[in-house]
Structure formats: structure tokens, C-alpha cells
Amino acid sequence: MSAGTLYDKVWDLHTVAELPGGSTQLFIGLHLIHEVTTPQAFDGLRDLGLGVRHPERTVGTVDHIVPTTSQARPFADPLAEAMLAALERNCAEYGITLHGLGSGRQGIVHVIAPELGLTQPGMTVACGDSHTSTHGAFGAIAFGIGTSQVRDVLASQSLALGKLKVRRIWVEGRLPKGVYAKDLVLHIIRILGVKGGVGYAYEFAGPAIDALSMEERMTLCNMAIEGGARCGYVNPDATTFTYLKGRPAAPVGEAWERAMRWWSTLASGADAVFDDEVRFDASALSPTVTWGITPGQGIGVDETVPTPEQIEPNERPIAEEAYRYMDLVPGAPIAGLPVDVCFIGSCTNGRLSDLQAAAVVARGRHVAPGIRAFVVPGSEQVAAAAEAEGLDAVFKAAGFEWREPGCSMCLAMNPDRLEGRQISASSSNRNFKGRQGSVSGRTLLMSPAMVAAAAVTGHVSDVRTLLAS
Amino acid sequence: MSAFVNFPAGAIERIEGRALVLSGDDIDTDRIIPARFLKSVTFDGLGEQVFADDRLELKGTHPFDRPEHGGARILVANRNFGCGSSREHAPQALMRWGIRAIVAESYAEIFFGNCLALGIPCFTAPHEQVLSLQAVVISDPARSFTIEVGAGRLQVEAGAGETAAFWDLKLAGGARQMLLSGQWDATGQLLAHDAELRATVARLPYLNSFAAA
Ligand code: SF4
């Protein structure tokens, strides 16, 4: 078992009790909620006659179902309107802060909590959403939960959980130009597999990780769950503290000094014991693109779709399914594959630095004929910051649509969706069958800069070439 | 709570019934219940939508559509079942369709926890064992199976002149205890530790202006 890791320290600190049967009751320091996975949880509370134990430790926003064209109420979709109204009612009834549309703070839950300074080192963070792993970027233990567990957190501010093992993922080197945190995490999942992390928390460490910005670390931890790891984290350091300082929910004055002292004690020590360790070298990476129907089916943009012989025998059935569904030929190059839709956004890559990286590619170029391209900022704050820099103008001049914040085509619960067999270049995190709203729609996952490159060329392109020209 | 009539309740010691097979690794929760069915403030009606897109594609030949599997209670799947989105709508849809236990090679953790919270045990067995069980189910969908939760054993009903066949199943220790004791819905246990919860709040630096640091 791991010892001396950040995971162990945070786990021990939050242990309320050992439960009969062997699970641990873990206190949840920050509970984030949104409109999709909570209405039934609040109804469950009412059925049991329970209240919310710590309403001040729960924060809500709306993201999954909000339209990104016009956000005027009531929404055109009555079901979406009903979900939003239910969240508003529940938050008002129980005294929970809700960052709603137009508050200046609304956005994708995993974008707003960090930017508000709510997510901090040493916390436990839970949310009814699998990409809660994002918050591990701050040295928090953060994981997704289901709706019954949302009810439990509301009622008791705690959860019954089993402890994970810890795998350290050590990354040497530096990401080359045109290669981003998204490429790194897609590569890690390609190598370790989508099931490789089951039973583990992933600790990301090493020189390449130290050099990442907070937003890049969030991209990395966000996709830990796609590798099967329920949570991923990075040890807090000066980069973390600099990001947090001055954010609305960050401590101030002497409390800030005390906080930094405590946060500095949390990192896995030199003597930490890990259950497993793997190594990567960031310097050797190329931009990565998925060709299949799981996030583990990724290849370098300069590679070809793997042939069955290149695939491990027990991964072949799903590869065969992917060839069929994606209509791709084994051995064909991925570069040059035409796309229909280009989506920049999501909790993986909808932050300011993501839009900046995409704008560098879009600036002075134009979306290729026949391509629909759109940019959905991750939050109202991201949108405002991007607009202040004129990024919206860059995108619009290049023929991209500039939208209101939300999850949008990441899961297509709002009107943004693929039609028929359309193929998208997407900066989101899941390329599952039907994920982007069409039963037969196809998704290629890549970095936001790569999506912009696909948009302006009309096909999968190596962004490094565009950056060089 | 009339909607919950016949859903799992109390101690769960035994699950009996017919089984159905869903072959393939990495079956994600988007496939179990596509996102468009999440647009509701209740879980009602999800049973009919389970695997909606896969069923549409297979036009009546999907295991969840085949008449011989109607009323089946045990689902036999392969590796990493239930990966992807944390949506509890996935186990809710399976439960409302009628599934009361799952046997697979492995599960995504969030899915496992969501199932447990509904009283649906997620058993595991090694690859070869799962394949042999799947073969038995496919060869005779009318067979009835009995899973003893405590013993971690699945028994297939023996036909005339046959001896009963067994499969050993694993279930994480905590989950087994919780099901057997009827405490699989953790809320009561969590609420029982009021003093411990208070003590935790009192010692967490970030809930105390970092003064405890
Ligand atoms: S952006 Fe996508 S993955 Fe992230 S929370 Fe929204 S729907 Fe989930």
C-alpha cells in the first residue's frame, strides 16, 4: 500500500470513521453540483426527511443542458428549462450558492470551481460528474460520484468509499512546441489503456509536470478518469499557489500565509511509497488524435490507424468495432482525414489558455469551406477574459462561431450536436459511440490547437506545420 | 415512493433468475443510457431506454430486446463494464429494466459504487470463467441461476441427468457485507457518526481559517 503520498495524507485527514464491512467514511470538503445529476438526489433527501448538513460546502452551477446560442429564459427546450428550474428551487430551498446564468461566474463546473478559488490543495472534492478528477490538479483528492452519493453528501457531507492504490506517473522532459497537456494525457491513456487505472489514483509528477501551468494540469487530471483512474492529482507547488492567490474564495492575509504553509506539507515526500510507477518522456511526443471509439485509441498525428496485428489480441474486438463505426481503414494515415465539425470547448479544454492556443492557429486564417466550427468558452469568466484579449474577434474573423459558456457538444444535451455520420474534431474528452448527439456521429479527440488546425484546413492536420508557417 | 416497489430492498442474500449476455469490453455508460435520456428530473421510464441506441441499430436482435431474455435478472458482461460518465442513470436504467445482479470481468469504480447504492451487486470472475458462463447462458437462455451473495457462488440449475455447475464469484468485501446486512444504502451509516463528523470539521485546516495548520 502507498505511504507518505499526498493521497494518503488527505485520505487520513478526512477519515471520519471506518465502516462495518471495510469501507471508510470520508468527509467531503467541497461538493459541486449541476442540473443533471442532482434533482433526484434532492428528491431522495426529501423522501428520507433529511436536510443538507453543510450547505456552505456545496456550490452549484448550470452547464450540461444550457443552450450556447441564446441563454434567454425560459429555454426553448421545456425539459432543459425544468432541470434548471429544479436546481434553482433546490439551491434556494437549502441555502446553497448557485452561480447561475449571467452571474458572471457560471460555467462548466470543473472550470468555475478552480477559477473561483474554491478548489484548494488538501481538500476532498466530490461532484456528480466523472470529470471531477480535474480538481486533483490542485493537490486535492477529487472524484466523480453518482446521484445516490450526491444525496449522501448533501445529507452527511461524507461518503462510504474504499481506498485506492496510488500509481505515480513520472514524466521527464518538456512538451515540445505544438504538443499540449491534452496530447500527453491521450498518450498516457493510449499506453496504459482505458482500464489501466482501475483501482488507482494517478499521481502525475516529474519535470514535465512541474513545468505545466495550472490549466494544463487541469487538462491532464481531467482525463485521468478516461484512463480508468477515478482520481488524478499533481502535488501542489508554487505554480498552484500563484494561481490561487487573490481568487474570490482563496484565503487572504494571515490565513493565506498559514494556508501556504499547510499546503506545502501535503506533497508526496521523497520517502513516499507507491503501489506502482510508470515513466514517460514528454519530449518525444507528437500531437495525438484518437481514431476509434475509446479515448485509449489514440495515435500520433504522423502515424497510421493501427492494423489488427499491431493491436493486443484482447483489444482487437473493440478495434474491429472502431474500424466499422469510424469507417476507417487499418494502416491509413490519420492526417488528411476530412472532418465536418470542429468543436473547441469542454471541461478538458475550454479554458483561456486553450482558446489562446487555438486562436494562434486561427488568426489570419479562415475555416475551410463546408466546415462548421465553433468555440464554447468554459465559463463566463473565460469568455470575458477571452473577449478582453480580442480572441472572440480573432475566431469570428476566421469564420468560427463564438458561443455562450456550457458543456455544449461535449455531450450534446443542448441543441449543439452532430448530424448523421458527421465527423468532428473535438477538444473534449470522450469519443464514445453517439457521444456527440448523433447515433452514428464520429469524434476525433485532439488538442484545441489541433482542432483549429483541422478547422482551417478541413482535415486532420499537424498543427506544428501551421505554427511553423 | 410507489415507484420503488419491487426494487431491491433490505438484506440481499440471494439473486435468482435467468441471465443475459452482453459481450465486449469497455461498454460505457453513454451506451447504457445515451445522454438525451438524462434530460429529466426523475429516473422514471429509464428502463425502456436502456441501450437505446445499440438496440435501435440492431433492430430487435439486441440481447435486451430478445423475447427469450425478457425478465432476465442477471447480466453477464466482460471487462471495464460501465466506464465513462458517472451518471447513475445507467444502473437505474438497468435496474428498472429488471437487472438485479451483474457478473463481469471488471467494472469502472464509479459504476460499481452506483450499483451498490441501488442494491445491485457487481460480481467479478476471471476471463475464462466469464466466457464459460456466457456460453452456458447463450446455449440455453431459459436456464435459471442462483447467486448466493454470502458464499460468492453462482449455481446453474441442473437439467435432467446433469450435475449442477458452479462459478465462484468475487465481490469486494465491503459491498458483500453491506448487501448481506441490508446496509447497502450507506446513508444511515454515514448519519450515525455525528460526533465523528463534527470532530473532522474541527480538525480540517481549511474549515478553520487554516488555524489548525
Ligand atoms: S464538458 Fe463534457 S465532460 Fe465536462 S462536465 Fe460538461 S459534459 Fe461532462
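A short reminder: the numbers here are calculations on the coordinates, not readings from a lab. If you're wondering where the values come from, they're calculated on a predicted model, not measured in any experiment. Please note: Cβ atoms are built from the backbone with ideal geometry, for glycine as well, and neighbour counts cover all protein chains shown.
Taking every C-alpha pair closer than 8 Å and separated by at least 6 residues, the mean separation divided by the residue count of the range A:84-208 gives a relative contact order of 16 percent.
Normalised by residue number, the volume inside the convex hull of the Cα atoms of the range A:346-425 is 91 Å³ per residue. Could you tell me which of the pairs A:K163/A:K245; A:K9/B:K170; A:K182/A:K433 are separated by over 28 angstrom between their Cα atoms in the structure shown? In this structure, A:K163/A:K245; A:K9/B:K170 exceed 28 Å between Cα atoms. Here the Karplus relation 6.51 cos²θ - 1.76 cosθ + 1.60, evaluated at θ = phi - 60°, turns the backbone of the range A:103-108 into coupling constants of 6, x, 10, 6, x, 5 Hz, with x for every Gly and Pro. Each residue in A:Y325, A:Y200, A:Y243, A:Y233 was given a count of other beta-carbon atoms within 10 angstrom of its own, and listing them fewest first yields A:Y325, A:Y243, A:Y200, A:Y233.
Listed peptides A:408-414, A:12-18 appear in the order A:408-414, A:12-18 once ranked by packing, highest mean of other Cβ atoms within 10 Å at the front.
Size of chain B: Rg and Dmax of its alpha carbons, in Å, are 19.3, 74. Amide H contacts of A:I33: A:V59, A:G60, A:T61, each under 5 Å away and 5 or more positions distant or on a separate chain (H built 1.01 Å from N in the peptide plane; Pro and chain starts excluded). For peptide A:27-40, the mean count of partner chain Cβ atoms within 10 Å of a residue's Cβ comes to 3. The residues neighbouring B:K59, those whose beta-carbon lies less than 15 Å from its own, together hold a net charge of -2 under the Lys/Arg +1, Asp/Glu -1 convention.
Legend: Rg and Dmax of the protein assembly as shown, from Cα coordinates, 24.0, 81 Å. A:T465 sits among other residues whose Cβ lies under 12 Å from its own Cβ, and their net charge, with Lys and Arg +1 and Asp and Glu -1, is 0. Across peptide A:159-165, the mean count of Cβ atoms from other chains lying within 10 Å of each residue's own Cβ comes to 4. A simple packing score, the average count of other Cβ atoms within 10 Å per residue, orders the peptides A:187-197, A:359-369 as A:187-197, A:359-369, with the highest score first. Here the 3J(HN,Hα) profile of the range A:408-425, calculated from phi with Karplus coefficients 6.51, -1.76 and 1.60 at θ = phi - 60°, is 6, 6, 4, 9, 6, 8, 10, x, 7, 7, 6, 10, x, 8, 3, 10, 10, 9 Hz, Gly and Pro shown as x. Residue by residue along A:215-225, Cβ atoms of other protein chains within 10 Å of the local Cβ number 1 on average. Each of B:W167, A:W262 was scored by other Cβ atoms within 10 Å of its Cβ. Arranged with the fewest first, they read A:W262, B:W167.
Most simply put, the protein assembly as shown has about 35% antiparallel DSSP beta bridges, counting only bridges with both residues inside it.
In plain terms, the residue of B:D44, B:D65 with the fewest other Cβ atoms within 10 Å comes first and the most crowded comes last, giving B:D44, B:D65.
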